1. Among the candidates Arg324, Arg403, which residue alone is among the charged types (D, E, K, R) and either touching an Asp or Glu at 6+ places or on another chain (Cβ under 8 Å) or crowded, with 21+ Cβ neighbours inside 10 Å (or both)?
2. Of Ile180, Ile267, Ile230, Ile212, which residue is β-branched (Val, Ile, Thr) and either within 30 Å of Asn88 (Cα to Cα) or touching a residue at least 60 places away in the same chain (Cβ under 8 Å) (or both)?
3. Looking only at the range 107-140, which residues are buried (at least 21 other Cβ atoms within 10 Å of the Cβ) and either outside the structural domain of Asn174 (by TED's automatic domain parsing) or of a type in the set (Ser, Thr, Tyr) (or both)?
4. Can you tell me which residue in the range 205-215 is farthest from the ligand (Cβ to nearest atom), limited to those that are farther than 10 Å from Pro167 by Cβ and out of contact with any Lys or Arg (no Cβ under 6 Å at 6 or more places or on another chain)?
5. Out of all the residues in the range 271-296, which are farther than 24 Å from Glu224 by Cβ and either at pLDDT below 95 or among the polar types (S, T, N, Q) (or both)?
6. Could you tell me whether any residue of the range 335-346 is without any contact (Cβ under 8 Å) to a residue 60 or more places away in the chain, buried (at least 18 other Cβ atoms within 10 Å of the Cβ) and within 30 Å of Tyr83 (Cβ to Cβ)?
7. Counting only residues that are among the charged types (D, E, K, R) and touching a residue at least 60 places away in the same chain (Cβ under 8 Å), how many does the range 1-56 have?
8. For the range 256-291, which residues satisfy the criterion of being basic (Lys, Arg) and surrounded by fewer than 23 Cβ atoms within 10 Å (Cβ to Cβ)?
Amino acid sequence: MNKPSTLIYDKSTAGLCGASLENLRFSDKERQRWIPENLRRATLPSLPEVTEGEVMRHYVDLSTKNFHIDKGFYPLGSCTMKYNPKRNDEAAGNPSFATAHPLAPESTVQGCLHLLWELKAALMEISGFPAMTLQPVAGAHGELTGVLIMKAYFENLGKPRKKILIPDSAHGTNPASVFIAGMVPVEVKSNAKGLMSVDAVREALDDDTAGIMLTNPNTLGHFESEILEIAEVVHEAGALLYMDGANLNAELGLVQPGKIGFDLLHINLHKTFSTPHGGGGPGAGALGVSATLEPFLPNPVLRRGESLADHSKAVEEFYLDWDRPQSIGRMHSFYGNFANAVRGYAYIRTLGAEGLRRVAENAIINANYLRVLLSDVYEVAYPGACQHEVVLSAVRQKKKGVRAGDISKRLLDYGYHSPTTYFPLIVPEALMIEPTETESRVTLDKFAEALIKISHEIDTDPELVKSAPHNTPLRRLDETAAARNLDIAFLTEDSEA
Ligand SMILES: *Cc1c(COP(=O)(O)O)cnc(C)c1O
């Protein structure tokens, strides 16, 4: 049983020491010579006294308290928790990249700029867009950048428009980004199949509609089959089509969103392109746009200059172009999250075009495999073949008094992270499962077995599921409070449900 941690300070024993810097100690005389009076501390710092081995054990122990992808299967729908190959981290940690100073003159970081250039070219090919910025540092940040570009486009035409249509199945960041950009989100209802119908879109469009934001495949895991007709009516109304491509796992090598009518698209490198995420770490939300929208991209834009003759060999010159009067301005400092760009680039180059297509195929096969394994016991929210994720509805289980959230908690006892729970909002008791392509059939079989077993537990011993989890360091947290009060000391309390 996993016990709550104590702090490293609680493990301190006077006199214990990891590594000693005794030889480096200043003599009093040296101290006086080198350290100005006002910078000298009067008392020793309060540091834990522990051996090197204890420090290692403490942090390894902490790393297992939380759930993470290197510890177990993490089918958190919409989040694409695929395995992140460690060589990508190694590439990002290469001192030539890791020690490049963000303020270094462009001429001295040509290699870094070259990498950004190639990453951009690869993402443009994958997504089918002729222009792109790598500046945004999250999916939501890419959305905000995109919506500001849509706004600027209409202002530039001298006909500002305010409304952006958003399906009721959309990710919550969509309306939030629209609102923060000073526009007005307008909800459009999905049809009985969980899809956007061209009729619903046509009805919602008016002169003040700047565009529509669609997630495709949508958050129910289904491809928007009327997309070509939707693109037509949206464009006829003079509006734009934004695609939320946070999750491009089902489309790599199969669909280029820029070729099926979308004018803008953001891509989360920290989902599809395998850079570690979760816990609020750095992200990367590249944004692709059509040629018409290129002038509005945030400043600066990376460009490739003339080839310069350097005696025998040609030298490429990459530079940042600031001379773009219609730009919406800067969205982030420096080059965005450069280390994530390196990881995404390493991933793309490792797999190549063929490998990326297999990612999409296997992601789709894995989700459908789980859908079929589970469909006798759990209701599938919108039946039929899915794309990269499948949304179940625990309505049968709820009739027995156990909710989707209880099932998710019980999965932790079986060693699995929970699926995304209670989202999309239009599915009652939603359990949104995204296995990703990196899981084996054995893992999927065992996971399905656990979910089926939990459903049997609900028949025989519902209290067992309702009081889960039973073997995690902490039981049921007040989730709102836990998200807002990141108080580590709190973890030392032996809190029982
Ligand atoms: C994850 C996700 C987002 C938001 O991405 P962040 O990087 O968390 O801001 C937006 N839309 C969809 C569909 C997503 O899955």
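1. Details: Arg324 fails: either touching an Asp or Glu at 6+ places or on another chain (Cβ under 8 Å) or crowded, with 21+ Cβ neighbours inside 10 Å (or both).
Testing whether each residue is among the charged types (D, E, K, R) and either touching an Asp or Glu at 6+ places or on another chain (Cβ under 8 Å) or crowded, with 21+ Cβ neighbours inside 10 Å (or both) leaves just Arg403.
2. Numbers: Ile180 fails: either within 30 Å of Asn88 (Cα to Cα) or touching a residue at least 60 places away in the same chain (Cβ under 8 Å) (or both); Ile230 fails: either within 30 Å of Asn88 (Cα to Cα) or touching a residue at least 60 places away in the same chain (Cβ under 8 Å) (or both); Ile212 fails: either within 30 Å of Asn88 (Cα to Cα) or touching a residue at least 60 places away in the same chain (Cβ under 8 Å) (or both).
Residue meeting the stated conditions: Ile267.
3. Listed by number, the residues that qualify are Ser127, Thr133.
4. The first filter runs over the range 205-215 and keeps only residues farther than 10 Å from Pro167 by Cβ, leaving 205-211.
Going one step further and asking which of them are out of contact with any Lys or Arg (no Cβ under 6 Å at 6 or more places or on another chain), we end up with 205-207, 211.
Details: Leu205: 23, Asp206: 25, Asp207: 28, Gly211: 16 Å.
Of everything passing the filter in the range 205-215, Asp207 is farthest from the ligand (Cβ to nearest atom).
5. Here is the first cut: in the range 271-296, the ones farther than 24 Å from Glu224 by Cβ are 274-284, 294-296.
Matches in the range 271-296: Ser274, Thr275, Pro276, His277, Gly278, Gly279, Gly280, Gly281, Pro282, Gly283.
6. First, the residues of the range 335-346 that are without any contact (Cβ under 8 Å) to a residue 60 or more places away in the chain: none.
So far as the range 335-346 goes, no, none of its residues is without any contact (Cβ under 8 Å) to a residue 60 or more places away in the chain, buried (at least 18 other Cβ atoms within 10 Å of the Cβ) and within 30 Å of Tyr83 (Cβ to Cβ).
7. Residues of the range 1-56 that are among the charged types (D, E, K, R), as a first pass: 3, 10-11, 22, 25, 28-31, 33, 37, 40-41, 49, 52, 54.
Then keep just the ones that are touching a residue at least 60 places away in the same chain (Cβ under 8 Å); that gives 3, 10.
Summing the residues that are among the charged types (D, E, K, R) and touching a residue at least 60 places away in the same chain (Cβ under 8 Å) in the range 1-56 gives 2.
8. Filtering the range 256-291 down to residues basic (Lys, Arg) leaves 259, 271.
Lys259 - this is the single residue of the range 256-291 that is basic (Lys, Arg) and surrounded by fewer than 23 Cβ atoms within 10 Å (Cβ to Cβ).
The values are calculated or read from the model by the stated rules, or taken from the named source; none is laboratory data. All of these numbers come straight from a predicted model, not from anything done at the bench. Cβ sites come from the backbone with ideal geometry, for glycine too, and all protein chains shown count toward neighbours.
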